[in-house]
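The values are calculated or read from the model by the stated rules, or taken from the named source; none is laboratory data. Given the structure is predicted, the values throughout are model-derived calculations rather than measurements. As a convention, Cβ positions derive from the backbone with ideal geometry for all residues, glycine included, and neighbour counts pool all protein chains shown. Ligands, DNA and RNA are excluded from the accessible area calculation, which covers all protein heavy atoms including side chains. Shrake-Rupley method; radii C 1.70, N 1.55, O 1.52, S 1.80 Å.
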Amino acid sequence: MTRMVASLSALLLSIVLLVSGNAFLMTLLGIRLSIESVSPDIIGWVLVCYSAGFVLGTLYVHRIIGSVGHIRAFAAFAAVAAVVSLMYPMSVSMGFWACLRVLSGFSIAGVLVVIESWFSSRASNSNRGALFGVYQIVFYLSAAGGQLIVNLGDPSSYMPFSLVAILLALALVPLALTRMEAPVIEQVQGISFFTLARESFTGVSGAVTCGVLIGGFYALGPVYATLTGLDVAKTSTFMASAIVAAMLLAWPLGRLCDHFDRRRVMFWVTLSSAVVAVGVAFIGAENLRLLMLLVGLFTGLSAMLYPISVAITNDRMEGTRIVAASATLLLSYGVGSVIGPIVMAQLINLMGPKGLFVGNACFLLVLAVITSLRITYTADVAVEDQEHYVPAMPETSAVLTEIDPRNAEFEVCAETGKSRGEPCHPAV
């Protein structure tokens, strides 16, 4: 395990720099827009452009990578992301910032596809489960650490944006100097959205709802914190604790998913998250410790909806269709992450900061009703027939799903003639 991590040190360092810089920027922008007294509904429209750019990137960056190669594509995407971060303070114009958010989302998607394809290329049947776990732990910890960097400078000044650019530019260095051979990658084709919804309506609904909740929280969490009177230091801690909670709750809830029917687990997770959201809406910032505890519980429960949705869907799929189904679920999450900031921003504008969590509770209750109806009117998958639960993050590209330990297509790739255990990166 240690030798494997050491061999991927360049990749891991690039991930740490990239993810921490990007997470830092997302929180910084929410705080800066609040300082500028921009209306929450306008903030929602501006910040949602990142999600739109990211979704577009996951669909089209493969063409650029195929044309110029991994190293050149990575350098181009990282450079664009760094330059964009320097451009925000040049003009605090909402139209200008919206365009920059699209570019940022597109370029970050491109960088992640490159990094994750390298990870996938280093996987074998003996280590892909460990690789899958290492990537997610590093990703979560880097995102949490990025929140804390907000404390290093005045959000109304130029300096924090320069620091973001430094982190994103430094992410170029480890991979630019690596000797690893560039992997071969083909774009992963998903199953039709409507086809997948017919086969696993609960899974698709859960992925979309998770996108609404997490996309809305990442975009508007800093706005919520600022409106409730938290200073920059407390806002960064507020956001970081929410991300760490999502990581910590993944294991115990995953254990439940392996021992009970997963749709029932989703129902109770959804209902619990809705209750917590209502609690946050009415407690506000009167008790900061209780607020952070409840928000951490809310984000941890809400973030679990995506991996549970993946597990529910995979239980109804042949092993060779897991990558295709996961690609469609990622797209479903992306659609939700576009809807979330727009709807939640409107609710904050109408109801004040509590509107964020009132809206979240409403979406969760709708999902609870859908899940309950599906449990009532469709057959269960027996617990003993369920695939082993594997935590899955939505903030990735479909490339990473190739090393999902449940993916049978990884083991034998007849189309390319590669032997068992060799990564084949099929277009499915």
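Checking the range 161-176 against the condition returns a match, with at least one residue being more than 20 Å from residue 15 (Cβ to Cβ) and in contact (Cβ under 8 Å) with a residue 40 or more places away in the chain.
Hey, any hits in the range 201-218 for a residue that's modelled with pLDDT under 85, on the phi < 0 side of the Ramachandran plot and not charged (D, E, K, R)? So far as the range 201-218 goes, no, none of its residues is modelled with pLDDT under 85, on the phi < 0 side of the Ramachandran plot and not charged (D, E, K, R).
Checking residue 311 against (1) at pLDDT below 90; (2) buried (at least 18 other Cβ atoms within 10 Å of the Cβ); (3) more than 19 Å from the chain's Cα centre (by Cα); (4) among the small types (Gly, Ala, Ser): exactly one of these is not met. Which one? Every condition holds for residue 311 apart from (3). When residue 177 is tested against the conditions (1) farther than 24 Å from residue 52 by Cα; (2) open to solvent by 20 Å² or more (accessible area, probe 1.4 Å); (3) modelled with pLDDT of 80 or more, the lone failure is (3). Elements of the type helices (runs of 4 or more DSSP H) sitting completely within the range 1-104 and holding at least 3 residues that are crowded, with 18+ Cβ neighbours inside 10 Å and touching a residue at least 24 places away in the same chain (Cβ under 8 Å): these cover 9-35, 40-68, 70-87. Just one of the numbered conditions (1) over 21 Å from residue 218 (Cβ atoms); (2) at pLDDT below 85; (3) out of contact with any Phe, Trp or Tyr (no Cβ under 7 Å at 6 or more places or on another chain) is not true of residue 284; which one? If we test residue 284 against (1) over 21 Å from residue 218 (Cβ atoms); (2) at pLDDT below 85; (3) out of contact with any Phe, Trp or Tyr (no Cβ under 7 Å at 6 or more places or on another chain), just (1) comes out false. Number of residues in the range 242-267 that are open to solvent by 40 Å² or more (accessible area, probe 1.4 Å) and assigned to a helix (DSSP H, G or I): the value is 12. Checking the stated criteria, residue 316 turns out to be in a loop (DSSP other than H, G, I, E, B) and modelled with pLDDT under 85.
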